[in-house]
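Participant: Below are the structure tokens for one structure; questions will follow.
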Amino acid sequence: MPVPVRYLTIDNRRLAYREAGSGPPIIFLHGLGGNSASWQPQFDAFAGSHRVIAWDMPGFGNSDLLPLATTRDYSNLASRFMDSLGIERATGVGTSYGTVILADLAAANPSRISAMVFACGVTGMGHLKPEERTRLRTMRRAELESLGQRKFAEQRNATYVKSRDAALVAKVVDLAGSATTEGYLQAYGAMTESNIFDSLATIGVPALVLAGRDDPIAKAADCERVARALQRAEYHCIDTCGHYVNLEQAETFNRLLADFLARIA
């Protein structure tokens, strides 16, 4: 059954999230192609044993836009989000750009994240030259303003899954199309200035890194590099899987996550 949306207020803006279950908390952070509903298979699998929480990033899903410019702004907001829910420490699970936010959160606030999962995580574009980052942001804005968020999702995000299952593709398009254009561009801009490897070396908690073998966005080789950069990481590459690993291969994702949680308990 779909988990209903809840709301809290930060800086006089509405932040939407979903929550179910009780027990050790897990915080789920989506990427630019999703919102808190992206994690419904994980709510179904883990709410019986954990307190499962997923937010809508500002400007995505049902959350208002907030003035955020950098990944550190997003990770600071995630820390305040945890404060608002009375969570001192949690397992963090991120996908796509959510992994960059999670890494920054763990590096900046070591006491807040007890273990972490990077699922089909991008690494950021901070290694590119400034003029190239500017070009990418300008090009993406023009593309979104021309197509609109829904058409953009139909043309781009629908190709990020390996499966051609019509229901899954429709789900991905709905999730990716839920962002506001400014919310998406704000997060995309922060991603272009980020480099996940700046955060990884100082993170000493247990980590699980998952890749989709057919992911066109977060290449398996880059995910493996993330695993090697972490002090205590295990790595799995999942066959017949694109970028939406927790949806496209939900059973495998949930099994790997459950095994990981059992080992670190």
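The values are calculated or read from the model by the stated rules, or taken from the named source; none is laboratory data. Just so it is clear, the model here is predicted, and its values are computed rather than measured. Cβ atoms come from the backbone with ideal geometry, glycine included; neighbour counts cover every protein chain shown. We work out accessible area using only protein heavy atoms, side chains counted, and drop any ligands, DNA or RNA first. Shrake-Rupley method; radii C 1.70, N 1.55, O 1.52, S 1.80 Å.
Participant: Test of understanding: among 131, 145, which residue is more than 18 Å from the chain's Cα centre (by Cα), within 23 Å of residue 64 (Cα to Cα) and exposed (fewer than 14 other Cβ atoms within 10 Å of the Cβ)?
Facilitator: Within the list 131, 145, the selection yields 145.
Participant: Any residue at all in region 159-172 that's within 15 Å of the chain's Cα centre (by Cα), open to solvent by less than 20 Å² (accessible area, probe 1.4 Å) and within 26 Å of residue 106 (Cβ to Cβ)?
Facilitator: no
Participant: Now for a different question. Output the residue which, of all residues in region 215-240 that are open to solvent by 60 Å² or more (accessible area, probe 1.4 Å) and aliphatic (A, V, I, L, M), is farthest from residue 31 (Cα to Cα).
Facilitator: 221
Participant: Does residue 59 satisfy being closer than 20 Å to residue 264 by Cβ, of a type outside the set (A, V, I, L, M, F, W, C), in a loop (DSSP other than H, G, I, E, B) and modelled with pLDDT of 95 or more?
Facilitator: No: the conditions fail for residue 59.
Participant: Scan region 1-23 for residues that are in contact (Cβ under 8 Å) with a residue 60 or more places away in the chain and in contact with a helix residue (DSSP H, G or I) (Cβ under 8 Å, 6 or more places away or on another chain) and report the count.
Facilitator: Counting residues in region 1-23 that are in contact (Cβ under 8 Å) with a residue 60 or more places away in the chain and in contact with a helix residue (DSSP H, G or I) (Cβ under 8 Å, 6 or more places away or on another chain) gives 4.
Participant: Sort out which residues of region 248-259 are assigned to a helix (DSSP H, G or I) and either open to solvent by 30 Å² or more (accessible area, probe 1.4 Å) or in contact with a Gly (Cβ under 9 Å, 6 or more places away or on another chain) (or both), and write them in order of number.
Facilitator: If the condition is that a residue be assigned to a helix (DSSP H, G or I) and either open to solvent by 30 Å² or more (accessible area, probe 1.4 Å) or in contact with a Gly (Cβ under 9 Å, 6 or more places away or on another chain) (or both), then 248, 251, 252, 255, 258, 259 are the ones that fit.
Participant: Filter region 179-203 for residues that are outside any helix (DSSP H, G or I) and in contact (Cβ under 8 Å) with a residue 40 or more places away in the chain; which is surrounded by the fewest Cβ atoms within 10 Å (Cβ to Cβ)?
Facilitator: Looking at residues that are outside any helix (DSSP H, G or I) and in contact (Cβ under 8 Å) with a residue 40 or more places away in the chain, I get 202.
Participant: Any idea which of (1) under 30 Å from residue 91 (Cβ atoms); (2) touching a helix residue (DSSP H, G or I) at 6+ places or on another chain (Cβ under 7 Å); (3) without any contact (Cβ under 8 Å) to a residue 24 or more places away in the chain is the one residue 167 doesn't satisfy?
Facilitator: Exception for residue 167: condition (2).
Participant: Count, please, the residues in region 97-125 that happen to be closer than 24 Å to residue 214 by Cα and touching a Phe, Trp or Tyr at 6+ places or on another chain (Cβ under 9 Å).
Facilitator: Within region 97-125, residues that are closer than 24 Å to residue 214 by Cα and touching a Phe, Trp or Tyr at 6+ places or on another chain (Cβ under 9 Å) number 14.
Participant: Among the strands (runs of 3 or more DSSP E) contained in region 1-45, which hold 2 or more residues that are open to solvent by 40 Å² or more (accessible area, probe 1.4 Å)?
Facilitator: Here the list reads 5-10, 13-20.
Participant: Within the bounds of region 46-54, is there any residue that is buried (at least 21 other Cβ atoms within 10 Å of the Cβ), aromatic (Phe, Trp, Tyr) and more than 19 Å from residue 178 (Cβ to Cβ)?
Facilitator: There is at least one residue in region 46-54 that is buried (at least 21 other Cβ atoms within 10 Å of the Cβ), aromatic (Phe, Trp, Tyr) and more than 19 Å from residue 178 (Cβ to Cβ).
Participant: Just to verify a result, which residue in region 72-101, among those that are hydroxyl-bearing (Ser, Thr, Tyr) and open to solvent by less than 10 Å² (accessible area, probe 1.4 Å), is farthest from residue 257 (Cα to Cα)?
Facilitator: 74
Participant: Could you grab the pairs with beta carbons closer than 8 Å, sequence gap of 6+ or different chains, first residue in region 109-132 and more than 20 Å from residue 241 (Cβ to Cβ), second one small (Gly, Ala, Ser) and in a loop (DSSP other than H, G, I, E, B)?
Facilitator: Filtered contacts from region 109-132: 110/204; 124/194; 125/194; 126/194.
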